[in-house]
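The values are calculated or read from the model by the stated rules, or taken from the named source; none is laboratory data. The shown structure was predicted, so the numbers you read here are calculated from the model rather than taken from an experiment. Don't worry about glycine lacking a Cβ; one is built from the backbone with ideal geometry, like all the others, and counts go over all protein chains shown. Ligands, DNA and RNA are stripped out before the accessible areas are found, and what is left, the full protein with its side chains, is counted by its heavy atoms. Shrake-Rupley method; radii C 1.70, N 1.55, O 1.52, S 1.80 Å.
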Amino acid sequence: MDDNEVAGQIIGGNSSKILVRGKFGKRLELGDLLIADENNGNKILLQVKNLEYRSQIPQERRELISGLQLEHEDESTTFIEPELRNYIIAEAKPLLYIHNNSKNAKAPKSLPPFFKKVRRVKEEDLKFLSKPKHPLYLGEVRSGSQKLNLPVYIDYKHAIPHHILIPATTGRGKSNLVKVMLWNLVDENVGILVLDPHDEYYGRGNTKGLKDHPRHEEVLYYSPNPPRGGLELKINKKYLKPKHFQGTVSFTDAQWQAMHKFYKEFKDEWIIKIEEMERIGEEIHGVKKPTIAATNRKLNHVLSHEDVFVENGRNVIEDIVNNLEKGKIVIIDTSQMSEEAGILVGSAIIENIFRRYQRYKAEGELNKKPVIGIVVEEAPRILGKDVLKDGQNIYATIAREGRKFNIGLIAITQLVTPIPKSILANMNTKIILGNEMPSERSEIIGSSPQDLSDDDRAIASLDKGEAIVSSIFTKFAVPIYIPLFEDYIEKDEKSDDQEYDIDPL
Ligand SMILES: Nc1ncnc2c1ncn2[C@@H]1O[C@H](COP(=O)(O)OP(=O)(O)OP(=O)(O)O)[C@@H](O)[C@H]1O
Ligand SMILES: [Mg+2]
C-alpha cells in the first residue's frame, strides 16, 4: 500500500471490535469503510463504529498543559512529537471477508492480520456488489459521508415480494428515494402501484417526476382531475365489495353483517340498495333499520367524493390492474380525497390484483407474470396495530402472504413502532434514513436483517439522502448515498444523449 493511503493501523481488539490507531492528519469518520489487506490478496472490510481520543501523556499532565495554554496564553508549552503521543483510536467492526478477485465476499470468521495498516475502501474493493439480473437501483456506496462512484442494486424480482420498508423522520428523503427507485423501474418488467396521498410522484406542472421519463408511456397517472396525459379516476360503485372497506372506517359486527347480507342478496347493487332501504326506511332480512342507517352513513362518509365514486361507467379498477399486469407503473393521486377514500381505492385495486395472482399461481402461470410492488406512504394508516385490531385488511394480507404470489409492499413510514413486529420482521429489505427518535431507531434496529446494534448513532446522524440498506439480499448493511431526484434525472438525460452521440453501428 502506498504510504499516502494509510489511514491507520490495527493495534488490538477482538472479532467484533478491531482497534485501529488513526494516522495523524487522516480524519477518520463514523461509518468510514476501511480495508485491511491480507498478504494473499484477500481483504477484510471494516467499518468505523466509534472514535475516541487516546494519549500517552498522563491526564494530569495534559490538564496542566491545557491550563498553561488557556490561562497564561503560553502556547510554547506543548507536547513533544504530538502526532506520536496523542491520537485517535477507532473501533471498527469487521463486515466482510473479500476474496482476492473482489467478486466473492462472506462473513468474516478470522481477524485481520495484527498490526496491519489499513486504508480507505476503493470502488474496486467492492466489485462483488455487481448489478443483478433484475436491478433496482438505490444509490451509491457511501463511506462515512464520502460518496463512492459505485451503484448499489438489489434484485427487484426477489426484493419486492419480500417487501421493502423505508423508515425515517420527516424530510430525510424517503419520497425522493422512491422517486429514484421508480425512475429506473420504468424500463423493467415490474408492475408498480403507487398510492400517492401527496401527489408528488407524477410531477404535475413544473415539478419533476415520473412524467418526465423518456418512456413516460409506461407510467399511468390516475387523478380525479387529471392534467393532459393523465387518466380520470372514476370508480363505479358497482365494483366495490364490502371487504374493500376493511381498514377505512370502523364498522361494528352488525354493520359488517348487514353489508355482507346486502352484497349476497343484491351483488353489485349492494351499496345502492343500502341507500335505498335507508331512504324508504325498510328492514330487510332481519337487518334492523338503525343498522341500515348507520351503515349507510359510514359508507356515505367514505364515498363522499362524488367526482370519484360514481354510479356508472367502466371498471377503472380493472383497467388499472390490467396495466399493472403489463408491468407498468400506475400512480393514483389520492391527494384530494379523504384518507379513508384513498385507502378504499387502494384496497379495491390490490384485492383485485391479489385475487388474479392467486388464480395464476393455482394455474401454474404465476412465473409468466411480472412481480407487483405497491408503494404506500404513511404505512401505519393501513398497517398500524390500532387499524389491524378491527380485522385484517388487504394491505396486511399482502405484508403477510404477498410473497407467495409475487406481490410486495414498498412501505414508507415516519414511525415503525405502531406497526406489528410480525409485519416489520417480514419486511426483508429496510432502507433506513435518518431518525432522531431513539425508540424508533431501536425498533428498526431490532427488526433488521443484519446486526445493526452498534449503528444507533450512525442512524441518528444520517443526513438527507444518506441511508443504510439492511437486506437479506445484501451481504452487509450497505451505507448508501441517494442522489437528489432532480439531479439524477438530469444526469440520466445527459448520459442518454452521450449514448446517441456514439454511432450505434
Ligand atoms: N438525496 C437527497 N439529496 C439532497 N437533498 C435531498 C435528498 N433527498 C431529499 N432531499 C431534500 O429534502 C427534501 C425532503 O425530501 P423528501 O420529500 O423526499 O422527504 P420525506 O422523507 O419523504 O419527507 P416526509 O416524511 O415529509 O414525506 C426534498 O425536497 C429535497 O430538497
Ligand atoms: Mg415523503
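Return the residues of the stretch 26-59 that are without any contact (Cβ under 8 Å) to a residue 40 or more places away in the chain, touching a helix residue (DSSP H, G or I) at 6+ places or on another chain (Cβ under 9 Å) and either within 19 Å of Ala477 (Cβ to Cβ) or not in a strand (DSSP E or B) (or both); say none if nothing qualifies. Lay out the reasoning, then the answer.
Step one: filter the stretch 26-59 for residues without any contact (Cβ under 8 Å) to a residue 40 or more places away in the chain, giving 26-27, 52-59.
Still in the list and also touching a helix residue (DSSP H, G or I) at 6+ places or on another chain (Cβ under 9 Å): 55-57.
Result: Gln56, Ile57.
Please go through (1) open to solvent by less than 10 Å² (accessible area, probe 1.4 Å); (2) under 23 Å from Thr397 (Cα atoms); (3) of a type in the set (A, V, I, L, M, F, W, C) for Val308 and return the number of the only condition it doesn't satisfy.
Looking at each condition in turn, Val308 falls short on (2).
Taking Lys298 as the residue in question, decide whether it is more than 27 Å from Tyr222 (Cα to Cα) and open to solvent by 10 Å² or more (accessible area, probe 1.4 Å). Before you say what the answer is, go through the steps one by one.
On the way: more than 27 Å from Tyr222 (Cα to Cα): no; open to solvent by 10 Å² or more (accessible area, probe 1.4 Å): yes.
Answer is no for this residue.
Return the only residue of Lys157, Lys147, Lys174, Lys179 being more than 12 Å from ligand 1 (Cβ to nearest atom), of a type in the set (Lys, Arg) and touching a residue at least 24 places away in the same chain (Cβ under 8 Å). Working first, answer last.
Details: Lys147 fails: more than 12 Å from ligand 1 (Cβ to nearest atom); Lys174 fails: more than 12 Å from ligand 1 (Cβ to nearest atom); Lys179 fails: more than 12 Å from ligand 1 (Cβ to nearest atom).
Only one candidate qualifies: Lys157.
Being touching a helix residue (DSSP H, G or I) at 6+ places or on another chain (Cβ under 7 Å) and not in a helix (DSSP H, G or I) is the filter here; which residues of the stretch 276-285 pass it?
Of the residues in the stretch 276-285, the ones touching a helix residue (DSSP H, G or I) at 6+ places or on another chain (Cβ under 7 Å) are 277-278, 281, 283-285.
The answer is Gly281, Glu283, Ile284, His285.
Can you tell me which condition Lys208 does not meet? The list is (1) outside any helix (DSSP H, G or I); (2) within 16 Å of ligand 2 (Cβ to nearest atom); (3) buried (at least 22 other Cβ atoms within 10 Å of the Cβ), and all the others hold.
Of everything listed in (1) outside any helix (DSSP H, G or I); (2) within 16 Å of ligand 2 (Cβ to nearest atom); (3) buried (at least 22 other Cβ atoms within 10 Å of the Cβ), Lys208 misses just condition (3).
How many of the residues in the stretch 188-209 are within 16 Å of Tyr137 (Cβ to Cβ) and either within 18 Å of the chain's Cα centre (by Cα) or at pLDDT below 95 (or both)?
2
Kindly establish whether Ala168 is surrounded by 21 or more Cβ atoms within 10 Å (Cβ to Cβ), among the small types (Gly, Ala, Ser), within 16 Å of ligand 2 (Cβ to nearest atom) and under 29 Å from Glu200 (Cα atoms).
Values: surrounded by 21 or more Cβ atoms within 10 Å (Cβ to Cβ): yes; among the small types (Gly, Ala, Ser): yes; within 16 Å of ligand 2 (Cβ to nearest atom): yes; under 29 Å from Glu200 (Cα atoms): yes.
Yes.
If I ask for residues that are open to solvent by 10 Å² or more (accessible area, probe 1.4 Å) and closer than 10 Å to Arg119 by Cα, which ones from the stretch 7-21 would you list? Let's see the steps before the verdict.
Residues of the stretch 7-21 that are open to solvent by 10 Å² or more (accessible area, probe 1.4 Å), as a first pass: 9, 11-17, 19, 21.
Hit for the stretch 7-21 is Gln9, nothing else.
Could you go through the stretch 266-274 and let me know if any residue there is more than 16 Å from ligand 1 (Cβ to nearest atom) and at positive phi.
Going through the stretch 266-274, the residues more than 16 Å from ligand 1 (Cβ to nearest atom) turn out to be 266-274.
Restricting the remaining residues to those that are at positive phi gives 267.
Yes, the conditions are met somewhere in the stretch 266-274.
Based on what the data block shows, is Ile160 away from ligand 2 (no atom under 16 Å from the Cβ), farther than 27 Å from Glu351 by Cβ and surrounded by 21 or more Cβ atoms within 10 Å (Cβ to Cβ)?
Values: away from ligand 2 (no atom under 16 Å from the Cβ): yes; farther than 27 Å from Glu351 by Cβ: no; surrounded by 21 or more Cβ atoms within 10 Å (Cβ to Cβ): yes.
No: the conditions fail for Ile160.
If only one of Leu34, Leu45, Leu70 is of a type in the set (A, V, I, L, M) and over 24 Å from Lys127 (Cβ atoms), which one is it? Don't jump to the end; show me each part of the working.
Numbers: Leu34 fails: over 24 Å from Lys127 (Cβ atoms); Leu45 fails: over 24 Å from Lys127 (Cβ atoms).
Only one candidate qualifies: Leu70.
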